[in-house]
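The values are calculated or read from the model by the stated rules, or taken from the named source; none is laboratory data. Nothing here was measured: the structure is a model prediction, and the numbers come from that model. Positions of Cβ are backbone-derived with ideal geometry, glycine not excepted, and every protein chain shown enters the neighbour counts.
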């Protein structure tokens, strides 16, 4: 399982490095979405709002949707799907590998967006650094959940539009827990409840993925 | 013991997609080590038949056994490991090179990557081994598909329209390769519009129409 | 025999219990000292929410898990999950409507950023997503597998809703009927009305589920007849 996971993750990351879709399409989308978020707050609040962590996560969430679509699109061309299916890869390994690759990509994009939030929304640098572990776990949970929901919708009618409908509600607790722990890092306050939610979500999505990913594949 | 040497046994096999019968009751037996050409008009069900045999689409009703695995009950993953599929679409990761695609397949199958050089040479792609698949021509992609199958050495080869996009040299090369594969004991099923293409290999010709077998010789 | 009798009695018993609930809730029970007549929503909203969040969603989840488990895999389970989820959508919408009606005079707004209200709305979108997912997949086996996994994933949200009451900053009142010490805080006619309401709405769910299940069977029979026609037409393409 772990061998397959590493093989699949390395393959996905290599494809990403080669195609540069992340660099030239996803990251610019995230940056422009962050700028628009600032504009939406209005001139009085764009630079001094406490909404920084929330906007950071909201933008990350939309960026994650693009990346999940991309992660599934790699596998979804008819010929690739058929050829890869005949390799008989262990589905649990494929799930872990795709989650790992998506997680690494989300971390990289998250760092760029965090820098953007510090720059344009004036989020405090120290607080952002303190929030890094919780951001890392939130994005890891998003990657695991996203890989599952991506596989759920892959190949179905209107997969690209169905994905957000299914995924965004499931991301809501992650958004809340991520935002609350980021805000706690900035302004102080209780933290452990959010770590519980994030850890439970991460473990639950990983467990469901390892057990049931094979069930989601088209026969 | 005829059943033991049949790689494919279908009885009244029906496959539906969105309520439409792609296959409407196929009765067919294919013996081990044989070469068969499935032919018929557009929409006759050629690709669907091959996809069913590859475990890529589910059997709706009827009886189907491929390589000893019951398609209705068995694990499609088990079946897919034993069959090789070459579709008429591109069949690899477009952003990986020929070598990277084959290394991925070899590692997934637990095969030594040292075989890749000889396989690529056999299909005539040595000069393109580090080219991204996206940059290959349709015929070269077909050759990469064959390299993929040679690496896998499946017991049942299912080739969907393999002659499309091949030039004359490519067709001659392909016929020679098919001959070697059959001689090695593998079973080959090819779909083609033109049944005469592989006449030199003296294949069995199975004619499909309306999603079932209407001619066999 | 017993099964037939209980199925025949399901509808009438449901109607009697709900009738009793409305009669007791509207005419017999007294108004509340603080909330006045608004308290009468107590006999509707919690019971509907109970059916929406626990009974129907729970049934859909258990049926989905049973579908995924090889030994109990059958389209019966898939149909039960599908039909329960459809009924669940109705009850979730009713929960949100009755909750808003209660919330408007209590909180002063139709929608408050209350944890349970928000989570219930999210669960409603998940239930709609489940139905959308079913429509997106034609192959019955794949549809059943994928929707079963999605139902189980969605059920992960239910405990989050539960814990959210304690953890998230909330305007919603905490548990009323049963406190952690399990002491019943309402008495007399109010308690009876509540009991009838919970049992009545639960039976209503099963009644609706049974009706929807029968409809699904009829729909499948009808598409099976269409299939025979499609097969005959397809085969005739090959006739010479």
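All but one of (1) within 11 Å of another protein chain (Cβ to nearest Cβ); (2) on the phi > 0 side of the Ramachandran plot hold for residue A:203; which doesn't?
(2)
I need a count of the residues in region B:75-87 that are out of contact with any strand residue (DSSP E or B) (no Cβ under 6 Å at 6 or more places or on another chain) and either under 19 Å from residue B:160 (Cα atoms) or at the interface with chain A (Cβ under 7 Å from one of its Cβ atoms) (or both).
Here the count works out to 5.
Which one of C:64, C:56 is crowded, with 18+ Cβ neighbours inside 10 Å, within 14 Å of chain A (Cβ to nearest Cβ), in contact (Cβ under 8 Å) with a residue 60 or more places away in the chain and part of a helix (DSSP H, G or I)?
Only one candidate passes the filter, namely C:64.
Residue by residue through region A:1-11, note down the ones that are more than 9 Å from chain B (Cβ to nearest Cβ) and modelled with pLDDT under 90.
A:1, A:2
Criterion first (modelled with pLDDT under 95, more than 30 Å from residue B:108 (Cβ to Cβ) and either in contact with a strand residue (DSSP E or B) (Cβ under 6 Å, 6 or more places away or on another chain) or assigned to a helix (DSSP H, G or I) (or both)) does residue A:93 satisfy it?
In short, no.
Can you name the number of the only condition in (1) within 17 Å of residue B:162 (Cβ to Cβ); (2) within 14 Å of chain A (Cβ to nearest Cβ); (3) at pLDDT 85 or above that residue B:90 fails?
So the condition that residue B:90 fails would be (3).
What number of residues within region A:12-48 satisfy the criterion of being without any contact (Cβ under 8 Å) to a residue 40 or more places away in the chain and either within 14 Å of chain B (Cβ to nearest Cβ) or in a loop (DSSP other than H, G, I, E, B) (or both)?
Of the residues in that region, 11 qualify.
Hey, among the residues in region B:9-21 that are closer than 21 Å to residue B:157 by Cα and surrounded by fewer than 23 Cβ atoms within 10 Å (Cβ to Cβ), which one's nearest to the other protein chains (Cβ to nearest Cβ)?
Among residues in region B:9-21 that are closer than 21 Å to residue B:157 by Cα and surrounded by fewer than 23 Cβ atoms within 10 Å (Cβ to Cβ), the one nearest to the other protein chains (Cβ to nearest Cβ) is B:11.
Taking residue B:185 as meeting all but one of (1) within 14 Å of another protein chain (Cβ to nearest Cβ); (2) at pLDDT 85 or above; (3) in a loop (DSSP other than H, G, I, E, B), write down the number of the exception.
All conditions are met except number (1).
Here is a yes/no grid of residues against (1) without any contact (Cβ under 8 Å) to a residue 40 or more places away in the chain; (2) more than 23 Å from residue C:227 (Cβ to Cβ):
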| residue | (1), (2) |
| --- | --- |
| B:48 | no, no |
| B:59 | no, no |
| B:63 | no, no |
| B:68 | yes, yes |
| B:73 | yes, no |
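Among (1) surrounded by 14 or more Cβ atoms within 10 Å (Cβ to Cβ); (2) under 23 Å from the mean Cα position of the chain (by Cα), which single condition is residue C:35 missing?
The number of the failed condition is (2).
How many residues are part of a helix (DSSP H, G or I), in contact with a helix residue (DSSP H, G or I) (Cβ under 7 Å, 6 or more places away or on another chain) and within 24 Å of residue A:84 (Cβ to Cβ) if we restrict to region B:161-177?
Going through region B:161-177 one residue at a time, the tally reaches 1.
So residue A:50 passes all but one of these: (1) surrounded by fewer than 21 Cβ atoms within 10 Å (Cβ to Cβ); (2) within 30 Å of residue B:110 (Cα to Cα). Which condition number does it fail?
Here residue A:50 clears every test but (2).
Does region A:50-67 contain any residue that is more than 30 Å from residue A:98 (Cα to Cα), assigned to a loop (DSSP other than H, G, I, E, B) and more than 15 Å from the chain's Cα centre (by Cα)?
Checking region A:50-67: at least one residue is more than 30 Å from residue A:98 (Cα to Cα), assigned to a loop (DSSP other than H, G, I, E, B) and more than 15 Å from the chain's Cα centre (by Cα).
Which condition number does residue B:190 fail, the rest of (1) within 14 Å of another protein chain (Cβ to nearest Cβ); (2) in a strand (DSSP E or B) being met?
(1)
From the list C:231, C:194, C:227, exactly one residue is in contact with a helix residue (DSSP H, G or I) (Cβ under 9 Å, 6 or more places away or on another chain) and either modelled with pLDDT of 90 or more or surrounded by 13 or more Cβ atoms within 10 Å (Cβ to Cβ) (or both). Which is it?
From the options C:231, C:194, C:227, the qualifying one is C:194.
For the condition in contact (Cβ under 8 Å) with a residue 40 or more places away in the chain, under 30 Å from residue B:45 (Cα atoms), touching a helix residue (DSSP H, G or I) at 6+ places or on another chain (Cβ under 7 Å) and not in a loop (DSSP other than H, G, I, E, B), what is the one hit in B:149, B:158?
Of the residues listed, the single one that is in contact (Cβ under 8 Å) with a residue 40 or more places away in the chain, under 30 Å from residue B:45 (Cα atoms), touching a helix residue (DSSP H, G or I) at 6+ places or on another chain (Cβ under 7 Å) and not in a loop (DSSP other than H, G, I, E, B) is B:158.
Is there a residue in region B:63-74 that is within 8 Å of another protein chain (Cβ to nearest Cβ) and at pLDDT below 85?
Checked against the condition, which is being within 8 Å of another protein chain (Cβ to nearest Cβ) and at pLDDT below 85, region B:63-74 yields no hits at all.
Could you grab me the full set of residues in region B:23-58 that are more than 14 Å from chain C (Cβ to nearest Cβ), surrounded by fewer than 20 Cβ atoms within 10 Å (Cβ to Cβ) and part of a strand (DSSP E or B)?
B:29, B:31
Go through the residues of region A:137-155 one by one and say whether even a single one is more than 18 Å from residue A:99 (Cβ to Cβ), within 11 Å of chain C (Cβ to nearest Cβ) and not in a helix (DSSP H, G or I).
yes
In region C:127-142, which residues are assigned to a helix (DSSP H, G or I) and either within 7 Å of chain A (Cβ to nearest Cβ) or over 21 Å from the mean Cα position of the chain (by Cα) (or both)?
Of everything in region C:127-142, those that are assigned to a helix (DSSP H, G or I) and either within 7 Å of chain A (Cβ to nearest Cβ) or over 21 Å from the mean Cα position of the chain (by Cα) (or both) turn out to be C:129, C:132, C:133, C:136, C:140, C:141, C:142.
Can you tell me which residues in region A:115-136 are touching a residue at least 40 places away in the same chain (Cβ under 8 Å), surrounded by fewer than 21 Cβ atoms within 10 Å (Cβ to Cβ) and part of a helix (DSSP H, G or I)?
A:120, A:127, A:128, A:130
Return the total of residues in region A:156-183 being without any contact (Cβ under 8 Å) to a residue 24 or more places away in the chain and in a helix (DSSP H, G or I).
Qualifying residue count for the region: 8.
For a quick check of your reading: which helices (runs of 4 or more DSSP H) sit entirely within region B:69-139 and have at least 2 residues that are closer than 17 Å to residue A:89 by Cα?
Filter on region B:69-139 gives B:76-82, B:98-108.
In the list C:151, C:112, which residue meets the criterion of being farther than 26 Å from residue B:15 by Cβ, part of a loop (DSSP other than H, G, I, E, B) and more than 9 Å from every other protein chain (Cβ to nearest Cβ)?
One residue alone meets the criteria, C:112.
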